[in-house]
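The next block holds one structure in the form of structure tokens; read it before the comments.
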Amino acid sequence: MRTPRALAAGLIAALLLGACSTVGPTDDRGGGTTGAGAAGASPTAYASASSAPSSPPAPTAAEQPPTPGATSTPKPAPPDPASIAALIATRYDGGNLRLGRERGSTDAYRQYFVTYVSNGLTISGRINIPRGTGPFPAVVLAHGYVDPAVYTNGETMLRERDHLARQGYVTLHIDYRNHAQSDRDPRNDANLRAGYTVDAINAGLALKKARVVDPDRIALIGRSMGGGVVYTALVVRPGLFRAAVAYAPVSSDTVDNFDKWVRRDAARSGAARAVIGRLGTPEAQPAAWAATSPRTYFGRITEPLLIHHGTADEDCPLSWSRESVAALEAKGKDVELRIYPGGRHTLASPQWDTSIRRTEAFLGEHLG
């Protein structure tokens, strides 16, 4: 039997959401809490049965069986699952945002363990919902690298979540697949972690269906590895988010990240072999690797982007952001780079305080 408290929590959820090292750059971490998990479907990096058409489309002329004596044209091979083309071709089914246990609420917002659907997987996270009457603007928060083996639900980006929720934003911090109570995807590393972008895009779609959120005012913020998720999400689904912010992002050239954190790491040799086995080495097959890099597709971006980066970043060099900005500006994109002299990978106060005020002003300008 459900307790009165559990019944009340379920009612609140319905009203709010409606029916709808060499291991990698480190993220800022805090004392996150762990909520109850949820069972999910079998893992898949891309479209699943739940997101596929209910019936197959009629075959095109090229797909019809060849007539006797005719020469058939071979169908092109599908894009590699680590490629941007594969992500663009994916059908996204983000939704079913569900609130779990309430913990960490303040006088300004209520905080819940949360799950949502991401192409056949259940992804966990933390959501802060401002007190008052919505609908509110919202932000998806894509965290940086923390070893999935030790990561706990919602343990990172605590400062951004708290500050923005106090300013009236719903903040959805996603755990990604293979993290915390999220479902597992054993192919994700071999696919250059493309699944993280799938989870960020589906988080935005899930928020659009939540009654408490204004569907036309949603932004994406990523830190470190999550900054790479920002780049990729913007090129894959232009128009989904109104604006985006990247803190100390990784490179927009996949080869930079692969060489720094995967290629020479014995713990990731299996993933490196799997990728190279499909694509070849970056030196031998530069075009195949360029097809996995968001920089190659920067021309697709339609949203304004703000980047914060310190000059003393020990994980992601400032030069990476300078190169990304130059590539974006060459395509005529709306991008702004804010540089913090002496700033480390995780900005400390007072530089972080300056950065979040700039982020708040940027979101206010573009989300209204």
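Treating r as the C-beta distance of Ala274 and Arg322 and R0 as 30 Å, the FRET efficiency rounds to 0.45.
Residue exposure proxy: Val325, Val262, Val170, ordered by other Cβ atoms within 10 angstrom of their Cβ from fewest to most, comes out as Val325, Val262, Val170. Annotation: amide H of His345 within the under-5 Å range of Glu314, Asp315, sequence separation 5 or more or interchain, hydrogens built in the peptide plane. Between the C-alpha center of the range 232-247 and that of the range 77-101 there is a gap of 14 Å. Relative contact order of the range 97-215, taken over Cα pairs closer than 8 Å and 6 or more residues apart, is 29 percent. Using C-alpha pairs under 8 Å with a sequence gap of at least 6, the mean separation divided by the residue count of the range 81-367 gives a relative contact order of 17 percent. Quick check: the distance between the Cα centres of the range 254-297 and the range 301-315, to the nearest angstrom? First find each Cα centre; the distance between them is then 22 Å. Electrostatic tally near Glu323: other residues with Cβ closer than 10 Å to its Cβ, Lys and Arg +1, Asp and Glu -1, net 0. Computing FRET efficiency as 1/(1 + (r/R0)^6) for Arg357 and Thr73, where r is the C-beta to C-beta distance and R0 is 51 Å, gives about 0.35. Ordered by the number of other Cβ atoms lying within 10 Å of each residue's own Cβ, fewest first, Ile339, Ile127 fall into the sequence Ile339, Ile127. Sequence-ordered 3J(HN,Hα) estimates for the range 309-314 from the Karplus curve with 6.51, -1.76 and 1.60 and θ = phi - 60° stand at 7, x, 6, 10, 4, 8 Hz, glycine and proline given as x. Taking 7 Å steps out from each Cα toward its Cβ at Arg131 and Val150 produces label points 3.6 nm apart. Bridging of Lys260 to aspartates and glutamates at a Cα separation below 12 Å is possible for Asp315, once same-chain residues fewer than 8 apart are set aside.
If a paramagnetic tag sat 7 Å from the Cα of Arg344 along the Cα-Cβ line, which residues of the range 133-148 would have the backbone N under 20 Å from that point? Counting only backbone N, you get 143-147. Here the calculated FRET efficiency for Ala108 and Arg264, from their Cβ-Cβ distance with R0 = 45 Å, stands at 0.50, rounded to the nearest 0.05. Phi angles across the range 289-301 convert, under the Karplus curve 6.51 cos²θ - 1.76 cosθ + 1.60 with θ = phi - 60°, into 3J(HN,Hα) values of 6, 4, 5, 9, 9, x, 4, 4, 10, 4, x, 7, 5 Hz, Gly and Pro given as x.
Legend: ranking of residues Glu303, Glu323 from fewest to most surrounding C-beta atoms inside 10 Å; resulting order Glu323, Glu303.
Every number here is computed from the coordinates shown, using simple stated rules; none is lab data. Quick caveat, the model's predicted, so the values are computed rather than measured. Positions of Cβ are backbone-derived with ideal geometry, glycine not excepted, and every protein chain shown enters the neighbour counts.
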